[in-house]
Amino acid sequence: MSRLIVVSNRVASITEGKSSAGGLVVGVLDALREMGGIWLGWNGEIETEPVQLPITHSDKNIDFVTVALTQREYDQYYRGFSNGVLWPTFHYRIDLSRYIRRDYTGYRAVNRRFAQLLTSSVKSDDIIWVHDYHLIPFGQACRGLGIKNKIGFFLHIPFPSPSVLRTIPSHRELVESMCAYDLVGFQTQGDVQAFIDYATRYLDATLNGNTLKMGERSIKVGAYPIGIQPDQIKELSKESRYSKPLDALKEGLQHRKLIVSVDRLDYSKGLVERFDAFECLLEGSPQHRGKVTLVQIAPPSRQDVQGYRQIRRQLESTAGRINGKWTELSWTPIRYMNRSYERTLLMSFFRVSQVGLVTPLRDGMNLVAKEYVASQPANDPGVLVLSEFAGAAAEMQQGALMVNPYDVQGMADGLDRALNMPLEERKQRYEHMMGVLKKNNLSVWRDRFLNDLSP
Ligand code: ADP
Ligand code: F6P
């Protein structure tokens, strides 16, 4: 049987339990644990001199091959181009994008360095699966080194429409480099279409079924919405039911209703608009005052990128203003926490809440939305209020209460409806979403992608 080699910027063994938990690590870790293989990427450290030798270790079925970045590599590849240009642009925030040509050069150089690292471990029948926006030109770098294996690429974040993508000066080179892959996967059909639009309009590609032909190369494209393991999440959500933190949360609530939100502290997550919507609910529906609490868990992320420091300040002032205005001696409307929790605890918080509020302005998928549903008790499920701009909306729109995160009043109305929703309707919506989650679970995501890459 062929071995699987996963390549991504973050590698789970390094980040497990740390605040930078993101959808990629959570999704890939489970998939690779089940199947076994190699995971190659950054070890999360910054070294003053380039360290040529990778660090390797094995843990539960996975061999990890990781390297440190130099300060310059970190600044140019991670902080500069990946998170200063690709992340904002792909999330439609071109106002936050800061293109510097040498960052792009550094980004490509790190991709080449990672590809060189691969040459020492790759065997001829290995299958290589590359993840996310940090590594778009990785496949091309591998081909340059003579690696002929099947290489697939999966983008965890949205793929923007061509007019937005073209604001990145090196857009053409970037998308051309994606043609080195055998299969390119996206979260939704909308992302696939945006990629096809670009390739056919600007690269003279032709589409035949799910294959794009560009000059000599043919690449398959498709939507592979990442899933979760709903049964495992359900079990996790029950594990901490007698824990101290959950007791503390319940004690603080004093039988009030709970709206819960969990996100990395990122400007794409729509946190300010969400707080505004909660205030709008308190303003317009006095019956909720003193009766509902919003718990927002938001561990800081990428704090050395300017846009992130800005959103953090903005949120602090918004939460402070709202709490200053509405807090009573025995009730604080918004509990805003910049920390991360164990997964079991997070799922137990979801389980005891009445509403899961997930309102990104733009999101590749949003696994929290799926985890929220899977954590609910079937006999008394909470309601998912979901942004139409999360990738998860494509699968969950019939069960969730859909909102537009740019419409503060609309979100407040959605919250009001969710808080008052009768049990029967909640159960119906929950059953529908659970059906989807079971059908499109994490193993299905992995198997579909790998089967299409190497039938
Ligand atoms: P993103 O990849 O943009 O961070 P997702 O919602 O897709 O967004 O994935 C986030 C993942 O990280 C989820 O599995 C979620 O449970 C986990 N996570 C998010 N915030 C925390 C936190 N505060 N503590 C622990 N895990 C978290
Ligand atoms: O899933 C999106 C994602 O950007 C991952 O690629 C990443 O690992 C995660 O969020 C957390 O971000 P970072 O690795 O920059 O801390």
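The values are calculated or read from the model by the stated rules, or taken from the named source; none is laboratory data. Model, not experiment: these values are computed from the prediction. Here the Cβ is made from the backbone with ideal geometry for all residues, glycine too, and neighbour counts use every protein chain on show.
Inspect the stretch 61-83 for any residue being surrounded by fewer than 20 Cβ atoms within 10 Å (Cβ to Cβ), in contact with a Lys or Arg (Cβ under 6 Å, 6 or more places away or on another chain) and more than 17 Å from Ser8 (Cα to Cα) and give the result as yes or no.
Yes, because at least one residue in the stretch 61-83 is surrounded by fewer than 20 Cβ atoms within 10 Å (Cβ to Cβ), in contact with a Lys or Arg (Cβ under 6 Å, 6 or more places away or on another chain) and more than 17 Å from Ser8 (Cα to Cα).
Quickly run through the stretch 298-325 and pick out the residues that are part of a loop (DSSP other than H, G, I, E, B) and of a type in the set (Asp, Glu).
Asp304 - this is the single residue of the stretch 298-325 that is part of a loop (DSSP other than H, G, I, E, B) and of a type in the set (Asp, Glu).
Could you say whether any residue in the stretch 152-172 is assigned to a helix (DSSP H, G or I), surrounded by 18 or more Cβ atoms within 10 Å (Cβ to Cβ) and in contact with a strand residue (DSSP E or B) (Cβ under 9 Å, 6 or more places away or on another chain)?
no
When residues of the stretch 48-106 are filtered for being touching a residue at least 60 places away in the same chain (Cβ under 8 Å), away from ligand 2 (no atom under 16 Å from the Cβ) and of a type in the set (A, V, I, L, M), how many remain?
1
Where residues in the stretch 350-367 are closer than 18 Å to Leu236 by Cβ and over 20 Å from the mean Cα position of the chain (by Cα), which of them is farthest from ligand 2 (Cβ to nearest atom)?
Residue satisfying both the conditions and the ranking: Val352.
With the structure loaded, tell me whether Ala390 is within 16 Å of ligand 2 (Cβ to nearest atom) and at pLDDT 95 or above or whether it fails that test.
yes
Which of the strands (runs of 3 or more DSSP E) contained wholly in the stretch 200-286 include at least 1 residues that are among the aliphatic types (A, V, I, L, M) and free of Cβ contacts under 8 Å to residues at least 12 places away in the same chain?
Answer list for the stretch 200-286: 206-208.
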